[in-house]
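Asker: The structure follows.
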Amino acid sequence: MSLLIKGGEIVTAGEQYVADIYCEDETITRIDRNIEAQADEVIDASGKYVFPGFIDPHVHIYLPFMGTAAKDNHETASRAALVGGTTTFIEMICPGRGDRPLEAFELWLGKARGNSACDFTFHMGVTRYDEEAERDFIEIVKRGLSSFKVFLAYKGAFGVTDEELYKTLELAKRLGVITTAHCENADLVLELQKKLLAEGKTGPEYHYWSRPPIVEAEGVHHLMTFAEMTGAHVYTVHTSCEEAVRQALLGAQRGVNVWIETLIQYLLLDRTDAEKPNFEGAKNVMSPPLRDKENQPFLWNGLRQGLIATLATDHAPFDFETQKRMGEGDFTRIPNGIPSLENRVDLYFTHGVKRGRIDLQQFIATASTNAAKIFGLFPRKGAIQLGSDADLVVYDPEYRGTISAKTHCMNLDYNSFEGMEVEGRAHVVTVRGKVAAREGQFTGEFGRGRFLQREPNHF
Ligand code: URP
Ligand code: ZN
Ligand code: ZN
């Protein structure tokens with residue numbers, strides 16, 4: 001199987017130039033001007049960009065959570081990812097506190113393998129820590145995962161105690177594994193939730209007030225303290241606001257090895273979207289909550305200047321009619337999540353590159369290459385180099401379209417970005433040398449996606 005992409009403007013995190021790309025079997029084998037070789041598939045990329053496949057470092061697909069389960073499966077999620085230009089995702093394994101970690105790893109792997117059309121790997125959720133769990137984590141790292149996930153929030157569900165956090169970070173340091181963390185102070189959230197409900201404040205608009213910026217900033221500060229004490233490398237997931245980013249940067253100034261992730265939701269949606277009447281705001285309930293609009297330039301600047309390393313989705317789809325409605329009369333029961341796996345790249349390109357907020361190199365760095373580097377996938381992924389996997393996105397910057405639940409691929413009855421216009425779209429998407437999406441249509445193969453085993457890279 002050979003693939004030739006002709007005449008596109010190749011854009012990576014560090015370069016921009018016009019050339020042809022020749023791929024044999026699954027990898028890039030030639031990059032040159034005017035390659036004349038025969039190929040099974042030839043794609044004319046003139047007038048288009050050629051980007052490395054995008055990487056979403058934070059998605060939930062199989063997710064039992066808040067008395068229900070996320071709606072996508074690995075077929076619907078990978079289809080949506082590929083149509084939107086994402087060729088690799090990193091899913092969170094989120095076992096219940098009583099579950100055995102190794103069994104959870106096998107469960108999640110079993111769900112993805114044979115079903116996903118794009119390549120995938122996992123962050124291993126640490127939702128308990130004892131001797132048996134520790135043995136399992138060591139085994140899971142041997143089997144190819146090199147990142148942990150802890151929740152400082154969701155007390156009684158996924159949340160860990162400080163003792164567990166300390167032990168997790170000690171183990172992570174010993175194994176050279178990075179620990180990703182959901183940072184919100186769980187006790188503060190619980191107390192605020194109780195107070196608001198007691199005052200009769202039950203609608204989705206009160207979700208914000210149960211998790212204000214200071215609660216997230218405290219969570220980040222807490223993580224920084226533990227990372228400083230253990231020397232472990234950490235990554236703050238879905239960092240939503242200036243207060244939280246500043247705590248991570250203060251940690252970095254003290255020598256903590258920390259990387260910051262934010263989400264497309266926080267750049268484009270705001271608190272008022274979760275305050276929509278008639279319970280519509282529930283569609284936009286996630287944790288940490290959407291923030292004030294005034295917060296958005298800080299995040300854009302952080303991405304532009306490289307202070308924020310990655311732009312992810314935290315894709316966690318719960319439908320409106322049966323699942324979000326579980327929280328009518330009690331906002332604490334609204335399943336948390338705003339899905340955007342399919343739309344991240346186009347929205348980021350439109351509102352970032354087209355509006356002059358970030359340049360093309362930083363766009364690629366934050367939506368692909370940095371995640372590959374942080375999570376041990378580079379240069380196999382996140383790069384256009386000889387020997388890299390031929391995961392490529394031929395991107396049409398002239399396309400114009402409108403986001404809608406009526407046309408999206410995600411298995412969901414709403415889209416939080418409904419009606420937003422996009423100025424660009426993946427024209428062709430390849431996964432290891434094979435076309436998997438073309439002009440908004442999925443053409444891939446379910447089950448072709450491969451589990452990406454990774455080596456520890458955070459010593
Ligand atoms: O609201 C969110 N973020 N839902 C997904 C679970 C998590 O906390 O990442
Ligand atoms: Zn989270
Ligand atoms: Zn998440």
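The values are calculated or read from the model by the stated rules, or taken from the named source; none is laboratory data. None of the values given here were measured: they were computed from a predicted structure. Neighbour counts run over all protein chains shown; Cβ positions are idealised from the backbone, glycine included. Remember, those area values only see protein heavy atoms, side chains included, never the ligands or the DNA or RNA. Shrake-Rupley method; radii C 1.70, N 1.55, O 1.52, S 1.80 Å.
Asker: Pick from T239, T262: which is in a loop (DSSP other than H, G, I, E, B) and either within 16 Å of ligand 3 (Cβ to nearest atom) or open to solvent by less than 10 Å² (accessible area, probe 1.4 Å) (or both)?
Answerer: On inspection, the qualifying residue turns out to be T239.
Asker: Give the residues of the range 380-403 that are over 30 Å from G419 (Cβ atoms) and assigned to a loop (DSSP other than H, G, I, E, B), sorted by residue number.
Answerer: R380, K381, G382, A383, I384, Q385, L386, G387, S388, A390, D391 - these are the residues of the range 380-403 that are over 30 Å from G419 (Cβ atoms) and assigned to a loop (DSSP other than H, G, I, E, B).
Asker: A244 passes all but one of (1) closer than 24 Å to L290 by Cα; (2) out of contact with any Gly (no Cβ under 8 Å at 6 or more places or on another chain); which number fails?
Answerer: All conditions are met except number (2).
Asker: Suppose we filter the range 194-229 for residues that are touching a Phe, Trp or Tyr at 6+ places or on another chain (Cβ under 9 Å) and within 16 Å of ligand 2 (Cβ to nearest atom); how many remain?
Answerer: Count: 2.
Asker: A further question on this structure: For the range 285-300, give me each residue that is hydrophobic (A, V, I, L, M, F, W, C) and more than 16 Å from A153 (Cα to Cα).
Answerer: Correct list: L290, F298, L299, W300.
Asker: Exactly one condition in (1) open to solvent by 10 Å² or more (accessible area, probe 1.4 Å); (2) in a helix (DSSP H, G or I) is false for V256; which is it?
Answerer: Result: V256 passes all but (2).
Asker: To continue, here is another question. Report the residue count in the range 94-107 for those that are within 16 Å of ligand 1 (Cβ to nearest atom) and touching a Pro at 6+ places or on another chain (Cβ under 8 Å).
Answerer: Going through the range 94-107 one residue at a time, the tally reaches 4.
Asker: Being in contact with a helix residue (DSSP H, G or I) (Cβ under 8 Å, 6 or more places away or on another chain) and crowded, with 23+ Cβ neighbours inside 10 Å is true for just one of G67, G84. Which residue is that?
Answerer: When all the criteria are applied, what remains is G84.
One line per residue, one yes/no per condition, for (1) more than 29 Å from C118 (Cβ to Cβ); (2) more than 16 Å from ligand 2 (Cβ to nearest atom):
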site	(1), (2)
K283	no, yes
S287	no, no
L303	no, yes
A312	no, no
D330	yes, yes
P335	no, no
L341	no, no
V345	no, yes
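Asker: Condition (residue is at pLDDT below 95 and open to solvent by 60 Å² or more (accessible area, probe 1.4 Å)) applied to the range 143-155: is it met by at least one residue?
Answerer: Yes, the conditions are met somewhere in the range 143-155.
Asker: Sticking with this one: Among the listed residues R425, R438, R454, identify the single one that is within 20 Å of the chain's Cα centre (by Cα) and surrounded by fewer than 21 Cβ atoms within 10 Å (Cβ to Cβ).
Answerer: Only one candidate qualifies: R454.
Asker: Would you check which residues across the range 42-92 are more than 16 Å from ligand 1 (Cβ to nearest atom), farther than 20 Å from E9 by Cβ and not β-branched (V, I, T) and list them?
Answerer: Answer for the range 42-92, where residues must be more than 16 Å from ligand 1 (Cβ to nearest atom), farther than 20 Å from E9 by Cβ and not β-branched (V, I, T): N73, H74, E75, S78, R79, A80, A81, L82, G84.
Asker: Is there a residue in the range 174-181 that is over 26 Å from A244 (Cα atoms) and away from ligand 2 (no atom under 16 Å from the Cβ)?
Answerer: So far as the range 174-181 goes, yes, one or more of its residues are over 26 Å from A244 (Cα atoms) and away from ligand 2 (no atom under 16 Å from the Cβ).
Asker: Kindly check whether there is at least one residue in the range 101-118 that is of a type outside the set (S, T, N, Q), within 15 Å of G144 (Cα to Cα) and within 16 Å of ligand 2 (Cβ to nearest atom).
Answerer: No, there is no match, as no residue in the range 101-118 is of a type outside the set (S, T, N, Q), within 15 Å of G144 (Cα to Cα) and within 16 Å of ligand 2 (Cβ to nearest atom).
Asker: State which residue is surrounded by the fewest Cβ atoms within 10 Å (Cβ to Cβ) when the search covers only the range 366-395 and only residues that are within 22 Å of S46 (Cβ to Cβ) and among the β-branched types (V, I, T).
Answerer: V394
Asker: Oh, and also: Is it the case that some residue within the range 396-414 is within 30 Å of L307 (Cβ to Cβ), buried (at least 23 other Cβ atoms within 10 Å of the Cβ), in contact with a strand residue (DSSP E or B) (Cβ under 7 Å, 6 or more places away or on another chain) and at pLDDT 95 or above?
Answerer: No, there is no match, as no residue in the range 396-414 is within 30 Å of L307 (Cβ to Cβ), buried (at least 23 other Cβ atoms within 10 Å of the Cβ), in contact with a strand residue (DSSP E or B) (Cβ under 7 Å, 6 or more places away or on another chain) and at pLDDT 95 or above.
Asker: OK, next. It is to be established whether one or more residues within the range 116-124 are of a type in the set (A, V, I, L, M), more than 16 Å from ligand 1 (Cβ to nearest atom) and open to solvent by less than 10 Å² (accessible area, probe 1.4 Å). Can you show your working first?
Answerer: Restricting attention to the range 116-124, the residues satisfying the condition of being of a type in the set (A, V, I, L, M) are 117, 124.
Those left that are additionally more than 16 Å from ligand 1 (Cβ to nearest atom): 117.
Filter again for open to solvent by less than 10 Å² (accessible area, probe 1.4 Å), leaving 117.
Among the residues of the range 116-124, at least one is of a type in the set (A, V, I, L, M), more than 16 Å from ligand 1 (Cβ to nearest atom) and open to solvent by less than 10 Å² (accessible area, probe 1.4 Å), which makes the answer yes.
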